[in-house]
1. Would you check which residues across the range 1-47 are modelled with pLDDT of 95 or more, of a type in the set (Lys, Arg) and surrounded by fewer than 15 Cβ atoms within 10 Å (Cβ to Cβ) and list them?
2. Inside the range 92-104, can you point out the residues that are of a type in the set (Ser, Thr, Tyr) and open to solvent by 50 Å² or more (accessible area, probe 1.4 Å)?
3. Search the range 48-91 for residues being at pLDDT below 95 and not acidic (Asp, Glu), and hand back the single one that is surrounded by the most Cβ atoms within 10 Å (Cβ to Cβ).
4. What are the pairs, 6+ residues apart or on separate chains, where a residue within the range 21-36 that is closer than 15 Å to residue 59 by Cα has its Cβ under 9 Å from a residue that is at pLDDT below 95 and in a loop (DSSP other than H, G, I, E, B)?
Amino acid sequence: MGERGVDSFETTNGLPEVLATEEAMRLWEKGRQAGYVDECYQPLISRTQSALLADAMAERLGIKEKWKAFEELWHRKYMRNDYNLALTQRQSYMFQDDLKQLFG
């Protein structure tokens, strides 16, 4: 437990520490403006697109245990499976390009 009974893994805004850095907050804001996540950092897109978003953010932020962080935040399991499924879908390529431009 961290100070004042707050779990040290999560920040006060409910984000895991690795997803609450200054750079991460810039990415969250871009994702929110694009309509991919809401103000509570929850996805507004499909499971497969969410997995692609998580992968793109983790890549940009250098997060090694990306699935663990995003699964905890989004209360999901098997995001790696969602990601693998996304890679088999043609429309995912366009979404990945959108993410590259967004997070450039």
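The values are calculated or read from the model by the stated rules, or taken from the named source; none is laboratory data. Since the structure is predicted, the reported quantities are computational estimates derived from the model, not experimental observations. Here the Cβ positions follow ideal geometry from the backbone for every residue, glycine too, while neighbour counts run over all protein chains shown. Remember, those area values only see protein heavy atoms, side chains included, never the ligands or the DNA or RNA. Shrake-Rupley method; radii C 1.70, N 1.55, O 1.52, S 1.80 Å.
1. Across the range 1-47, the qualifying residue is only 26.
2. Kept after step one, since they are of a type in the set (Ser, Thr, Tyr), are these residues of the range 92-104: 92-93.
Of everything in the range 92-104, just one residue is of a type in the set (Ser, Thr, Tyr) and open to solvent by 50 Å² or more (accessible area, probe 1.4 Å), namely 93.
3. Here the residue is 66.
4. 24/15; 25/15; 28/15
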